[in-house]
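All of the numbers you see were taken from the coordinates with simple rules; none came from a lab. Remember, predicted model here, so these are calculated numbers, not experimental data. Here the Cβ is made from the backbone with ideal geometry for all residues, glycine too, and neighbour counts use every protein chain on show.
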């Protein structure tokens with residue numbers, strides 16, 4: 001089974017790596033956010049009724065939409081960068097440049113999305 | 001430029017389960033991109049340009065299930081509820097659940113290093129994967 005690491009939970013949570021750490025932790029937060037809320041959404045749709053309705057109505061609030069769309073869009077764009085660099089390992093030498101391109105794609109796309117969400121917020 | 005630290009995929013080899021899941025995570029990401037694009041193009045072909053706004057198209061794209069278009073101006077939901085889209089939705093669901101549950105295992109492994117803890121994580125991940133796939137498929141095919 002995998003690597004043996006003698007690191008405690010708190011030390012693991014305090015870990016801060018070098019280059020690309022921000023994208024790494026945001027990728028993790030985005031993935032966790034999606035896993036938690038999509039699981040909730042599926043279970044709520046399955047349970048239905050008043051309880052299910054409460055959770056599914058949460059998805060219509062603009063605050064939640066801004067959060068979950070950050071998770072989805074960042075995870076998707078960062079994931080595409082990881083995929084391309086991992087499938088073509090020669091490109092790993094240009095990781096820093098790739099992260100800059102990633103932000104150049106993510107920031108305008110997310111900004112427009114937030115604007116649209118806020119304009120249509122009920 | 002510093003010395004080469006990277007190996008090609010062939011040199012790395014895909015010998016154990018973790019390595020296979022490593023490549024699966026990457027390929028399933030591309031697969032989900034393809035399936036979402038496929039669903040969005042399908043929506044445009046079915047007339048979404050005149051009947052839905054961008055947010056509705058996105059909601060359909062992320063999971064092409066008919067319940068996601070119920071509040072739009074689409075006059076006939078029959079086309080959107082066809083087995084073709086149920087199959088597409090099922091494919092997206094299964095790929096996403098496998099990708100997501102394995103992601104949770106990877107995260108848990110960073111913080112749970114003990115042999116016993118990791119076994120529990122794996123057991124829970126299998127239970128979660130089977131149950132979420134089953135519930136998801138049930139919702140898609142009964143909606």
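Side notes on the structure shown:
- Both the radius of gyration and Dmax for the protein assembly as shown are 19.9, 61 Å, in that order, over alpha-carbon atoms.
- Proportion of all alpha-carbon pairs of the stretch B:65-134 beyond 13 Å (%): 71 percent
- The distance between label points at residue B:15 and residue A:46 comes to 3.9 nm (points 7 Å beyond Cα on the Cα→Cβ vector).
- Rounded to whole Å, the principal axis extents of the Cα atoms in chain A read 50, 38, 26, largest first.
- Across chain A, Cα pairs under 8 Å and at least six residues apart give a relative contact order of 28 percent.
- Among A:77, A:38, A:99, residue whose mean-square fluctuation peaks in a GNM of chain A (springs only between Cα atoms under 10 Å): A:38
- Per the Cα gyration tensor, chain B maps to an equivalent ellipsoid with semi-axes of 36, 20, 12 Å, ordered largest to smallest.
- Distance from the C-alpha centroid of the stretch A:92-118 to that of the stretch A:52-86: 14 Å, rounded to the whole angstrom.
- When you restrict to C-alpha pairs under 8 Å that are six or more residues apart and normalise by the size of the stretch B:17-142, the relative contact order lands at 25 percent.
- The stretch B:31-97: C-alpha pair distances exceeding 20 Å, %: 17 percent
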